[in-house]
Amino acid sequence: MTETAKDKWFKIRNLIEQVFNKTPDLSAVLYVIGMRELGTSNQDFTKEQKVRLMHIAVCRVLSSSGHYQLKGTDKNGWPDWELVEKLPHQDLFEQETYLRHHIINYFEEEELI
């Protein structure tokens with residue numbers, strides 16, 4: 001029996017829930033990926049930094065489809081991404097589904113699930 005995307009998504013949520021003792025929504029999953037990509041955890045981030053972490057995560061997971069490319073790091077050591085290929089025009093539900101599939105791909109590539 002093969003795992004569906006839904007099964008894999010719940011596996012990711014359960015993995016994060018075991019670490020943080022909270023069931024994560026999409027934003028929380030992105031936040032965790034952002035912290036992982038930055039190479040830090042358990043740091044107090046400002047609201048602006050938390051938003052930036054989620055942006056880093058979106059760029060990272062969508063880079064596998066060629067949408068973003070890592071340019072390097074900024075003066076503070078944060079990853080700096082550039083848009084290479086526009087995202088497809090989608091409604092909100094389609095955008096979330098597209099992002100979830102890329103998150104699943106990220107967790108598989110990183111051998112986390």
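Any read-out appearing in this document is the output of simple, stated calculations on the displayed coordinates, not a laboratory observation. Quantities reported herein were computed from a predicted structural model and do not represent experimental measurements. Glycine also receives a Cβ, built like all others from the backbone with ideal geometry; neighbour counts cover every protein chain displayed.
A few remarks follow.
- Too-long pairs where the Cα-Cα distance tops 29 Å, listed order kept, from LYS22/LYS71; LYS22/LYS47; LYS50/LYS86; LYS6/LYS75; LYS22/LYS75; LYS6/LYS71: LYS22/LYS71; LYS6/LYS75; LYS22/LYS75; LYS6/LYS71
- GLU109-HIS89 FRET efficiency (beta carbon distance; Förster radius 25 Å; 0.05 resolution): 0.45
- Applied to segment 19-32, the Karplus parametrisation 6.51 cos²θ - 1.76 cosθ + 1.60 on θ = phi - 60° returns per-residue 3J(HN,Hα) values of 7, 9, 6, 9, 6, x, 8, 4, 4, 5, 5, 4, 4, 5 Hz, with x for Gly and Pro.
- Phi-derived couplings, Karplus 6.51 cos²θ - 1.76 cosθ + 1.60 at θ = phi - 60°, listed residue by residue for segment 91-105: 6, 4, 4, 5, 4, 5, 5, 4, 5, 4, 4, 5, 5, 4, 4 Hz, with x used for Gly and Pro.
- Our helix-only sum for the chain, with -39,500 (n - 2.57) per DSSP H run of n ≥ 4 divided by its residues, gives a mean residue ellipticity at 222 nm of -18500 deg cm²/dmol.
- Radius ratio Rg over Rh of the chain, counting only Cα atoms, Kirkwood formula for Rh: 0.96
- In segment 5-109, Cα pairs under 8 Å separated by at least six residues give a relative contact order of 24 percent.
- Stretchable slack from THR73 to ALA5, in nm (0.36 nm times residue separation minus alpha-carbon distance): 21.3 nm
- Sequentially through segment 7-18, phi angles give Karplus couplings (6.51, -1.76, 1.60; θ = phi - 60°) of 4, 5, 4, 5, 5, 5, 4, 5, 4, 5, 4, 4 Hz, Gly and Pro residues having no value and appearing as x.
- Among ARG36, ARG100, ARG60: highest mean-square fluctuation, GNM of the chain, C-alpha pairs under 10 Å: ARG36
- The mean sequence distance of close C-alpha pairs (under 8 Å, at least 6 residues apart), as a share of the length of segment 54-113, puts its relative contact order at 30 percent.
- Amide H within-cut-off set for TRP81, under 5 Å, with H built and near neighbours excluded: LYS71
- Computed lengthening from GLN18 to SER65, 0.36 nm per intervening residue step minus Cα-Cα distance: 14.0 nm
- Ranking of HIS89, HIS55, HIS102 by count of other Cβ atoms within 10 Å, fewest first: HIS89, HIS55, HIS102
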